[in-house]
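Just so it is clear, none of the values below were taken in a lab; they were calculated from the coordinates. Remember, predicted model here, so these are calculated numbers, not experimental data. Backbone-built Cβ (ideal geometry, glycine too); neighbour counts: all protein chains shown.
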Amino acid sequence: MYGEFKLEMPQQLDEALALIAEDPAEVLSGGTNLMIELRARKLRPEQVVSLDALSELRGIEVDGNRITLGARTTISDILRCDDMAEFGPSLLDAANLFAGQMVRNMGTVGGNIACSSPAADLVPPLMSLDAEITLVSSKGTRKVALCDYYLSYKKDVRAPSEMITSVSWKKLAKNSSNSFYKLARRIGDAITVTGVAVTLTMDGDRCTTARIALGAVAPTVFRATNAEKILEGQILTDDLITTAAQQAKAQSSPISDVRASAEYRLHTVGKLTHRLLTQARDKLV
Amino acid sequence: MKNSKEIILKINGRNEKITVPSHRTLLEALRETGHVEVKCGCEKGDCGACAVLVDNVAIDSCLTLAWTSEGKEITTISGLGTPDEPHPLQAAFRDLGAAQCGFCTPGMIIAAQGVINDNPAPTDDEIRMGLSGNLCRCTGYAKILDAVGHAASEMRKNGEPS
Ligand SMILES: Cc1cc2nc3c(=O)[nH]c(=O)nc-3n(C[C@H](O)[C@H](O)[C@H](O)COP(=O)(O)OP(=O)(O)OC[C@H]3O[C@@H](n4cnc5c(N)ncnc54)[C@H](O)[C@@H]3O)c2cc1C
Ligand code: FES
Ligand code: FES
């Protein structure tokens, strides 16, 4: 069914990095995106490097104030983590509505980030948590803020010789609320039409930090920074939230496709941003 | 074919040798070795007909490469029970009318077992969530949900380790 390729199954990360440094290769993590692209012959790699044996890349670690997910951590691993409701409520929201059981058992965080799809559901939550990813090649390591990772539709800053090894973020500050809303045609196993992730941190009735990350309404997931600026340092009145939601809408540039029209996406991104901001404020104030 | 090699797959407790190229999926390899109880539906992760347990976790075999499945425990529906000694899930599907044409049933039961492995007492919503990657064109799902709920409670009563 698939075109032929050389399949490498390195046992060590170093070995994997050497392989992708030498020859062009597709990295195979859970395979829930890549296998479909190989089958559709959208990609015809000479070499596929499976990360299956690299268990060191899988797991959830907490070090003081920081939470780190290895790139091979699956969606099901997120759901099984007892503390995720505290660490990343929005990420848990996204994992709960992600695909079906088998894809959740296979699909990984690294694959979700690396596929650079505007509809990748873990990305708005991770961006709303100010997550940072670690990119490693045989030459060294660098960290990139997730909000700076994507360049344009399916384009990102990762070099072919680099691999994502982990994603991490700081625990939520006190008086914060963080959530994600996935709008899709149905609840189970559906691709996102509009995705909104919000984090608000309050000091009394004043907002100190606002994060709004939007999915499936532009060529990449992105932060509605204009809307965030409107909220930060302010008392969150209904009017201010309405203005911020309008800004989020203004920063979006959706397309029409089989799932929804651009007009519907614009309408819903405004409504959902408004709803999530209001809910977060009402919870905290 | 270039890039072919002999691998050993442990299927339902038995080691089976097969020579396959690197791009062969686990689904194709299983059916080639006679395990046609594993169904081929969409081949893109949408239908769940090809689900098998790998080390007790349900996965879509159409999205898995055969080579990377070496050294793992693969369980198909035939590994759960037989007509003479059906698994509680198989008995419940039979007795409660949860199978009509039966095409989705192997994947459905494997997914249900995956849910129960994680959580021996799943709620209706948890069962729904666990089966949302499996399509059935016949039953309308209600009887499937009943059968899984029933089997889970039978398994708890019998104290099956799952
Ligand atoms: C039926 C179905 C339903 C789905 N539902 C959803 C959904 O609800 N929400 C959603 O967001 N997605 C969904 N997806 C898409 C997919 O499951 C996810 O994007 C998943 O997280 C991909 O992870 P993976 O490990 O399977 O990636 P793979 O397919 O293994 O890889 C995807 C891409 O990322 C690259 N890559 C993988 N890991 C790394 C790494 N560590 N470093 C560098 N590059 C890497 C690969 O080379 C490849 O190009 C669905 C897919 C299917 C088939
Ligand atoms: S054949 Fe594998 S999910 Fe449909
Ligand atoms: S019984 Fe026919 S597809 Fe489910």
Among A:Val198, A:Val109, A:Val136, residue whose mean-square fluctuation peaks in a GNM of chain A (springs only between Cα atoms under 10 Å): A:Val136
Contact order normalised by residue count of chain A, Cα under 8 Å, 6+ apart, percent: 15
Pairs of Cα atoms farther than 12 Å apart, the stretch A:6-50, %: 58
0 to 90° range, to nearest 10: angle between helix A:13-22 axis and chain A longest Cα axis: 80
Spatial separation of Cα centroids for the stretch A:268-285 and the stretch B:111-154, in angstrom: 34
Cβ neighbours within 10 Å from other chains - mean over A:35-44: 3
Cα-Cα separations in chain B greater than 28 Å, expressed as whole percent: 19
Set of aspartates and glutamates near A:Lys229 by C-alpha distance (under 17 Å), chain-local residues within fewer than 8 positions excluded: A:Asp130, A:Asp203, A:Asp205, A:Asp238, A:Asp239
Of B:Lys17/B:Lys44; A:Lys143/A:Lys182; A:Lys155/B:Lys44; A:Lys182/A:Lys271, those spanning more than 19 Å from alpha-carbon to alpha-carbon: B:Lys17/B:Lys44; A:Lys143/A:Lys182; A:Lys155/B:Lys44
Kirkwood hydrodynamic radius of the stretch A:54-104, from inverse mean 1/r over distinct Cα pairs, in Å: 11.4
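Let me know the Kirkwood hydrodynamic radius for the stretch B:81-157, please, with Cα pairs as the basis and the value in Å to one decimal.
One decimal place: 12.1 Å for the Kirkwood radius.
Can you pull the semi-axes for the stretch A:223-285, root of five times each eigenvalue of the Cα gyration tensor, sorted largest first, whole Å? Please report the intermediate quantities before stating the final value.
On the way: eigenvalues 115, 30, 12 Å².
They are 24, 12, 8 Å, listed from largest to smallest.
How many Cβ atoms of partner chains, on average, are near each residue of B:54-61 if near means within 10 Å of its Cβ?
Averaged over the peptide's residues, the number is 4.
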Check: the protein assembly as shown dipole with +1 on Lys, Arg Cβ and -1 on Asp, Glu Cβ, in debye: 1020
Two-site FRET efficiency, A:Tyr153 against A:Thr208, from Cβ-Cβ distance with R₀ of 35 Å, rounded to 0.05: 0.55
Mean ellipticity per residue at 222 nm, deg cm²/dmol - from DSSP H runs of n ≥ 4 across the protein assembly as shown, formula -39500 (n - 2.57): -9500 deg cm²/dmol
Residues with amide H under 5 Å from that of A:Ala184, placed H, sequence gap 5 or more: A:Val193
Where only alpha carbons of the stretch A:60-170 are counted, the Rg and the Dmax (Å): 13.2, 38
Nitroxide proxy distance, nm - points 7 Å out along Cα→Cβ at A:Ile255 and A:Gln279: 2.9
Local net charge near A:Met84, Cβ-Cβ under 14 Å (Lys/Arg +1, Asp/Glu -1): -3
Relative contact order (%) - the stretch B:81-157, alpha-carbon pairs under 8 angstrom, separation at least six: 44
Taking the stretch A:190-257 and dividing mean pair separation by its residue count, relative contact order in percent (alpha carbons under 8 Å, at least six apart): 28
Per-residue average of Cβ from other chains inside 10 Å of B:128-136: 5
Euclidean distance of C-alpha centroids, the stretch A:194-256 and the stretch B:1-60, integer Å: 46
Intensity falloff of the stretch A:176-284 expressed as log10 I(q)/I(0), Debye formula with alpha-carbon point scatterers, at q = 0.12, 0.21 Å⁻¹: -0.37, -1.02
Calculated P(r) of chain A - Cα pairs past 36 Å, %: 15
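Taking the square root of 5 times each eigenvalue of the Cα gyration tensor, what semi-axes in Å does the equivalent ellipsoid of the stretch B:4-78 have, largest first?
17, 14, 11
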